[in-house]
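K.L.:
After the structure tokens below, expect a handful of questions from me.
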Amino acid sequence: MLDINYIRQNPDEILAMLHNRQLSAEEPKLHRVLECDKERKGLVQRSDALNAERNKRSKEIAEKKKKGIPPSEYEMIYEIVQDENRQIAEINTKLRPLEEEIENILLALPNKLDSSVPAGRSAADNEIFGEPVSFVHDLDFPVKNHLELGKSLGILDFERGAKISGAGFPAYIGKGARLERALINFMLDTHTERHGYTEVFPPFLVNQESLRGTGQWPKFADQVYHIGEDDLYAIPTAEVPVTNLHRGEMLETKSLPISYAAYSACFRREAGSYGKDTRGFLRVHQFNKVEMVKFTRPEESYAALEQIRSHAEAILVALKIPYRVLLLCSGDISANATKCYDIEVWSPAEQKYLEASSCSNFEDYQARRSNIRFKPDSKSKPEFVHTLNGSGLATSRLMVSLLEHYQTPEGHIRVPEALQRYTGFEEI
RNA sequence: GGAGAGGUGGCCGAGCGGCUGAAGGCAACGGUUUGCUAAACCGUCAUAGUUCUUAUAGGGCUAUCGAGGGUUCGAAUCCCUCCCUCUCCGCCA
């Protein structure tokens, strides 16, 4: 969330940001929060003054009592104090809902935008970052899509997955399962051994506070699976548990930047998106992903974003999978991020790019929500760290592109060289 | 599931109705000492809001001892509810 002080001092900037994000409808929230803030200040001042009075009189009582003066001689002080307490209570009953409203609006307002984010209305306005990266694959025959390949080879089973859970819960069978696991292991090893990340295997169920910490709550509450019995939520991404690893902590300055890589299954309800890209792996309720998360000093976060992006790209380069990078425009970038790159892999069967990674800088937006701080130096006050994350990568769309690119005219799959030591076989 | 113990500052830990925003220790920072390192000694050292001033600093006031509520003139301290952690027993992977 944003700092209320910052909003108060730069309302025009926030307003411009909302327009840029195509969220002009949120404008009343901005006005309302400023109004509430002003009102709160007045109430707090009155309540503080009354508290000061009350405390002074209480001390008076204590002193008189200590001197052994009989209570009958200062009965009237009790009355005054009680009256002051009534007034304080009255102010507090007004203050509480006000503070709650401020908190709720702050939680709902989107993040600032970095100046390098291109202005745009929708996904169509995203900028292609750099050149699309291609690799030669001889596909001069009628290509099958990943569904046909998965079915004919018996490595992906959507029907049985649907039987046991519902649509969007694929089962990987035999060499398909092994390939999936190989991808995960390859990515984790690359990030930990070559890119310097510390591996984390996080909990897959989290509490609501964790969702709020990273910004999935309250905004995306309807996209998250909820286990009512224990009031826990299935993580939509490892970003949630891994970022929350340090919730409420004062980080050792010399430990920054902190870099984590984590595998997790990811669960998404995808409510409201039925009928859109629903085939096979294009949109599923459960998928696997290796996530990179970084905590940095504020001045280092944009350099760290480029690192995360390049670390995600390194996986695709190693696997020789064609991709392009998008710099998301102001109208398409998620509410939590100040800047975001999407990495899209090419699908020869669909003849389009599929999103396989999203690398974002959140600056202090998540850190403020989850109170993750550090002291720039021993004398200075605590500051919020910057948090970032990027998929490195999600396996589902990656698997689509991999199966389709590495298919043979006979309908088999060659295993990319980089994965062979992980699969233990060269062909499916 | 049953029984018990506990949640205090960056960390450990004392406090169990007013003198406690909080002893003591560790860490950190400044200094003295020192050939260097170490040690010793002295000092500084929570966060937020608000206000004042001789205003890149200092002072006053307010709030904060897991969260919320209650008792009281006054609560870290007493009572209630909730959350979390730990220990033991039971059950089970």
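The values are calculated or read from the model by the stated rules, or taken from the named source; none is laboratory data. Computed from a prediction, not measured in an experiment: that's the story for all the values here. With ideal geometry, Cβ positions are generated from the backbone for all residues, glycine too; neighbour counts draw on all protein chains shown. Accessible surface is based on the protein model in full, side chains and every heavy atom, while ligands, DNA and RNA are left aside. Shrake-Rupley method; radii C 1.70, N 1.55, O 1.52, S 1.80 Å.
K.L.:
What single numbered condition from (1) touching a helix residue (DSSP H, G or I) at 6+ places or on another chain (Cβ under 8 Å); (2) surrounded by 19 or more Cβ atoms within 10 Å (Cβ to Cβ); (3) not hydroxyl-bearing (S, T, Y) fails to hold for A:R309?
P.N.:
(1)
This table checks each residue for (1) in contact (Cβ under 8 Å) with a residue 24 or more places away in the chain; (2) near RNA strand B (Cβ under 10 Å from one of its atoms).
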position: A:L2; (1), (2): yes, no
position: A:Q9; (1), (2): no, no
position: A:M17; (1), (2): yes, no
position: A:E26; (1), (2): yes, no
position: A:V44; (1), (2): yes, yes
position: A:I61; (1), (2): no, yes
position: A:K64; (1), (2): no, yes
position: A:E79; (1), (2): no, yes
position: A:E84; (1), (2): yes, yes
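K.L.:
Moving on. Does A:A49 count as within 8 Å of RNA strand B (Cβ to nearest atom), at pLDDT below 90, open to solvent by less than 100 Å² (accessible area, probe 1.4 Å) and hydrophobic (A, V, I, L, M, F, W, C)?
P.N.:
When the stated conditions are applied, A:A49 does not pass them.
K.L.:
Across segment A:86-109, what is the number of residues that are open to solvent by 60 Å² or more (accessible area, probe 1.4 Å) and either outside the structural domain of A:R46 (by TED's automatic domain parsing) or more than 30 Å from A:F362 (Cβ to Cβ) (or both)?
P.N.:
Number satisfying all stated conditions: 5.
K.L.:
Let me ask something additional. Could you please find all residues in segment A:28-41 being open to solvent by 50 Å² or more (accessible area, probe 1.4 Å) and more than 14 Å from RNA strand B (Cβ to nearest atom)?
P.N.:
Those that are open to solvent by 50 Å² or more (accessible area, probe 1.4 Å) and more than 14 Å from RNA strand B (Cβ to nearest atom): A:P28, A:K29, A:H31, A:R32, A:E35.
K.L.:
Given (1) out of contact with any Gly (no Cβ under 9 Å at 6 or more places or on another chain); (2) over 26 Å from A:P241 (Cβ atoms), identify the lone condition not met by A:F374.
P.N.:
Just one mismatch for A:F374, condition (2).
K.L.:
Taking into account only those residues within segment A:151-169 that are part of a helix (DSSP H, G or I) and either open to solvent by 80 Å² or more (accessible area, probe 1.4 Å) or charged (D, E, K, R) (or both), which is nearest to A:F267 (Cα to Cα)?
P.N.:
Filtering first and then ranking leaves A:I164.
K.L.:
In addition: If I ask for residues that are part of a loop (DSSP other than H, G, I, E, B) and within 15 Å of RNA strand B (Cβ to nearest atom), which ones from segment A:225-247 would you list?
P.N.:
A:G228, A:E229, A:D230, A:D231, A:L245, A:H246, A:R247
K.L.:
Which of the residues that make up segment A:289-303 are surrounded by fewer than 21 Cβ atoms within 10 Å (Cβ to Cβ) and touching a residue at least 12 places away in the same chain (Cβ under 8 Å)?
P.N.:
Answer for segment A:289-303, where residues must be surrounded by fewer than 21 Cβ atoms within 10 Å (Cβ to Cβ) and touching a residue at least 12 places away in the same chain (Cβ under 8 Å): A:R297, A:P298, A:E300, A:Y302.
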